[in-house]
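All remarks here apply to the structure that follows.
Here, each number is a calculation from the coordinates, and none is a lab measurement. Nothing here was measured: the structure is a model prediction, and the numbers come from that model. Cβ placement follows ideal geometry from the backbone for every residue including glycine, while neighbour counts extend to all protein chains displayed.
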Amino acid sequence: MRQQAPLDGTIDTLQLQVDINQQLGHDPDLVFVSIRTTLIAYISGLVDAERVEREIIKPLTEAQPSIETLSSHVLTPELTRVDIFESLIDNLLTGFVMIAEQGQQQVLLANLISLPHRGIEKPETESGVRGPREGFTELLETNIALLRRRLKTDKIRMKTWQIGALTQTEVRMIYLDGIADQGIVDELTKRISAIHIDAVLESNYIEEMIRDHPFSIFPTMEYTERPDVVAGALLEGKVSIFTNNTPFVLLAPFQFWSAFQSSEDYYLMFTSATFIRLIRTLSIVLALLLPSLYVAITTFHPEMLPTNLLLSVAGAREASPFPALVEALIMEITFEALREAILRLPRVMGQTVSIVGALVIGQAVVQAGIVSTPMVIVVSVTGIASFMIPRYNMTFSIRILRLLLLLLAGTLGFVGILLGLFTLTIYLTGIRSVGVPYMGPIAPLKLKGLRDFLVRSPHWLINRDTVPPPPKFNKKRHE
């Protein structure tokens, strides 16, 4: 931490200008304006230059105030006084305007911050058919305003940190008093307060510093760029962590089953949402197990297939020189490379590459006899099923597990798959997210949590403790 040196006695504006220039390395964006005995300083691009001219320079040109009457002449309402040189420099770098008067012991700081920022747009990573179309931006104040617009309550509580020796990134923890568990709030407060790092450029810097099980492939914190998701999470008792300069907000605690639930589930009729959840659950099982089951059956357990299907698969694999495990690895690696290439390409070009690439590669490897047709079908179905996972960070866990189970299936057959699933179950039941069991409400079992699990119950049943059921329809009254 830098030493907080006070301004030496009374202010000499000429010497103060020299000191600021030296501290900032004669930054070409640094602007100084002298008006008689008053010195004004700010960094171009961080402040609203028109407001500086209108609210500070013009009023001071028409008057000659002292430090006691300076604030009455400046039209900016947000003024603070500082007498610490390091604090002055930090505020200049943030976007404040310094106003120093010759012979005084303090300087004034005017909040005229005007940073370039992206407007509110549709969230790119969490699109849906129904629901709000607003997404967070890189500006912390805008993001908090979007949240407050959805939660008009006096229960909102905030804690703020400036993290990063070089970036001084503002990090803010937000929760609802009386709803969030105080133990979770205290634990997260302790973890965030213990962070010592040079720079925080994105919320993942914070996540990796405070998450449970730092070497686990499973995420123990959730991130989102949708204000409605954060509002819903706070109402469930979770804690949110906002980081300036990023649209992604962290949520904790996070449980395994939450990764397979979408915010859109709560905007559809509960029957439709339940149907989609069941389809999504089946797709996740296929994304995890389908390649390993195919390899295990064709390599170790062909007797499980009907005779006609067995002959068809054997005939298709006859031209392939590789065993089923090698075929699966070739196709999985190719598919993963294609997926990453699509993400890095421009959107219009990416759509073309995804369609053409899949068709060309699939047809080419089959015609060349490198991979059999059933394997192409299996990997294609697996890829489609993996797109059903709503949380992008959980897709990495499923992809890694799929490869591990594939290797076990290729060496031990069904025994390897069962061994892998058993080990995975034991491991998942031991994970905690800020002290909360990762596999809840299944392990440990909580019947109340099953209201919103695989089946999405009606809202009045999910919130049965606070919301009464809807009144029954009285046909005679409406005739």
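On the first, second and third principal axes, largest extent first, how far apart are the outermost C-alpha atoms of the chain in Å?
Extents along the principal axes: 99, 70, 45 Å.
Show which aspartates and glutamates lie in cross-link reach of K446 when reach means a straight Cα distance below 18 angstrom and same-chain residues fewer than eight apart are skipped.
D181, E236, D465
In Å³ and rounded to a whole number, note down the convex hull volume per residue for the Cα atoms of region 268-437. Walk me through the intermediate numbers first.
On the way: hull volume 26.2 nm³, N = 170.
For region 268-437, the hull spanned by Cα atoms encloses 154 Å³ per residue.
For V415 and A165, FRET efficiency with R0 = 45 Å and r from the beta-carbon atoms, rounded to 0.05? Could the numbers behind the result be given before it?
Working: r = 53 Å, r/R0 = 1.17.
Calculated transfer efficiency: 0.30.
Given Y223, Q23, I297, which one lies farthest toward the positive end of the charge dipole of the chain, if we put +1 on the Cβ of every Lys and Arg and -1 on the Cβ of every Asp and Glu?
My answer, from the dipole projection, is I297.
Could you give each residue of region 449-458 its phi-based ³J(HN,Hα) in whole Hz, using Karplus coefficients 6.51, -1.76, 1.60 with θ = phi - 60°, and x for Gly or Pro?
So the J values, rounded to whole Hz, are x, 6, 4, 10, 10, 6, 9, 8, 6, x.
At most 15 other Cβ atoms within 10 Å and a DSSP loop assignment: could you name the chymotrypsin sites (Phe, Trp or Tyr not before Pro) in region 173-263 that fit?
Numbers: sites: Y175, Y205, F215, Y223, F242, F248, F254, F256, W257, F260; in loops: F215, F248, F254.
Counting only loop positions with at most 15 other Cβ atoms within 10 Å, the chymotrypsin sites (Phe, Trp or Tyr not before Pro) in region 173-263 are F215.
Which value, in debye to the nearest 20, gives the size of the charge dipole of the chain about its Cα centre, when Lys and Arg are +1 and Asp and Glu are -1 at the Cβ?
Numbers: 42 positive and 48 negative charges, 533 e Å.
Around 2560 debye, computed over the chain.
Can you flag which of K122/K152; K159/K238; K159/K190 are past 19 Å Cα-Cα? Numbers along the way, then the final one.
Details: K122/K152 23 Å; K159/K238 15 Å; K159/K190 12 Å.
From the list (K122/K152; K159/K238; K159/K190), the Cα-Cα distance tops 19 Å for K122/K152.
Taking the simple approach of a point 7 Å from Cα along Cα-to-Cβ for both D177 and T271, what is their distance in nm?
4.4
Within 10 Å, Cβ to Cβ, of P291, how many net charges do the neighbouring residues add up to if Lys/Arg are +1 and Asp/Glu are -1? Walk me through the intermediate numbers first.
Values: positive: R402; negative: E327, E332.
Net charge around P291: -1.
About its Cα centre, how strong a charge dipole does region 389-460 have in debye, to the nearest 20, once Lys and Arg get +1 and Asp and Glu get -1 at the Cβ?
On the way: 8 positive and 1 negative charges, 47 e Å.
For this selection, approximately 220 debye.
Going by a ≥ b ≥ c, the root eigenvalues of the Cα gyration tensor, does region 16-56 fall in the rounded group (a/c under 1.5), the prolate group (a/b larger than b/c) or the oblate group? Mind dumping the intermediate values first?
Values: a/c = 3.34, a/b = 1.30, b/c = 2.58.
Oblate, because a/c is 1.5 or more while a/b does not exceed b/c.
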